[in-house]
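These notes are about the structure you will find just below.
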Amino acid sequence: MPKVMIVYASLTGNTEECAEILEEAFQELGAEVEVVESVFADPEDFTDADIAVVGTYTYGTDADLPDEIVDFYEELEEVDLTGKIFGSFGSGDTFYEKYCKSVDDFDEQFEKTGALKGAENVKVNLNPEEEDSENLKAFAQKLLDAYNNL
């Protein structure tokens with residue numbers, strides 16, 4: 001049974017809701033899942049998982065990483081996740097020019113760890129609707145497929 005760890009940052013609850021959808025999707029697919037808020041997580045925790053997932057929102061007009069996930073982001077670069085699968089997701093607002101930029105930032109940071117990208121990023125405009133829920137479920141399936149094809 002693959003072990004999945006989902007770390008997320010959420011201000012309005014939208015990214016947390018996405019993390020919950022993913023948790024349920026992974027469980028239905030037979031994976032063991034741990035979901036942790038970023039302030040309580042350490043990037044080293046990913047070394048005990050087979051699939052590492054980060055969900056974050058993007059903050060403000062400058063498309064900044066949320067304050068509560070900056071340390072996690074910076075420390076992630078130092079962790080060797082060779083042989084692990086990763087994925088990134090998050091919520092944002094299409095009103096902003098750099099829509100969901102923090103999701104892409106994590107994607108780039110994960111690549112420095114030696115982990116393999118298992119699925120394209122999932123970006124959710126504001127709160128997850130039915131289509132977003134389906135996209136998150138497909139994301140979970142793709143990550144598990146990538147793991148099973150290692």
With at most 15 neighbouring Cβ atoms within 10 Å, loop GluC sites (Glu not before Pro) (DSSP) excluded, longest segment of the chain: 1-76
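Return the percentage of antiparallel bridges among DSSP beta bridges fully within the chain, rounded to the nearest 5 %.
Close to 5 percent.
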Everything considered on the Cα gyration tensor (a ≥ b ≥ c; rounded for a/c under 1.5, else prolate if a/b is larger than b/c, else oblate), region 13-150 must be described as oblate
Net charge dipole size for region 69-150 [Lys, Arg +1 and Asp, Glu -1 on Cβ; Debye, nearest 20]: 300
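What is the gain in length, in nm to one decimal, between Thr94 and Glu44 on full extension, counting 0.36 nm per residue of separation less the C-alpha to C-alpha distance?
14.7 nm is the gain from fully extending Thr94 to Glu44.
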With Cβ to Cβ distances under 15 Å as the rule, what net charge do the other residues near Asp62 carry (K, R +1; D, E -1)? -4
For the modelled label position 7 Å from the Cα of Glu120 along Cα-to-Cβ, which residues of region 86-114 have backbone nitrogen atoms closer than 20 Å? 86-95, 98-111
Taking only DSSP H segments of four or more residues, each worth -39500 (n - 2.57), what value at 222 nm results for the chain once the sum is divided by all its residues, to the nearest 500 deg cm²/dmol? -12000 deg cm²/dmol
Contact order relative to length of region 75-150, as percent, for alpha carbon pairs under 8 angstrom and 6 or more apart: 38
Phi-based couplings in Hz for region 126-138 (Karplus 6.51, -1.76, 1.60; Gly and Pro marked x): 6, 8, x, 9, 4, 4, 5, 4, 5, 5, 5, 5, 5
Accessible area (Å², per residue) of region 1-74, counting only protein heavy atoms and a probe of 1.4 Å: 47
Positive end of the charge dipole of the chain (Lys, Arg +1 and Asp, Glu -1 on Cβ, about the Cα centre): tell me which of Asn148, Ile69, Ala25 has its Cα farthest that way. Asn148
Points 7 angstrom from Cα along the Cβ direction at Asp62 and Gln27: gap in nanometres? 3.9
Taking protein heavy atoms only, a 1.4 Å probe, and rounding to whole percent, the accessible area of region 9-70 owed to carbon and sulfur comes out at 38
If you project the alpha carbons of region 1-91 onto the principal axes, what extent comes out on each, in Å, largest first? 41, 29, 18
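The values are calculated or read from the model by the stated rules, or taken from the named source; none is laboratory data. Bear in mind that the values here come from a model prediction, so they are computed numbers and not experimental data. All Cβ positions, glycine included, derive from the backbone under ideal geometry; neighbour counts span all protein chains shown. Remember, those area values only see protein heavy atoms, side chains included, never the ligands or the DNA or RNA. Shrake-Rupley method; radii C 1.70, N 1.55, O 1.52, S 1.80 Å.
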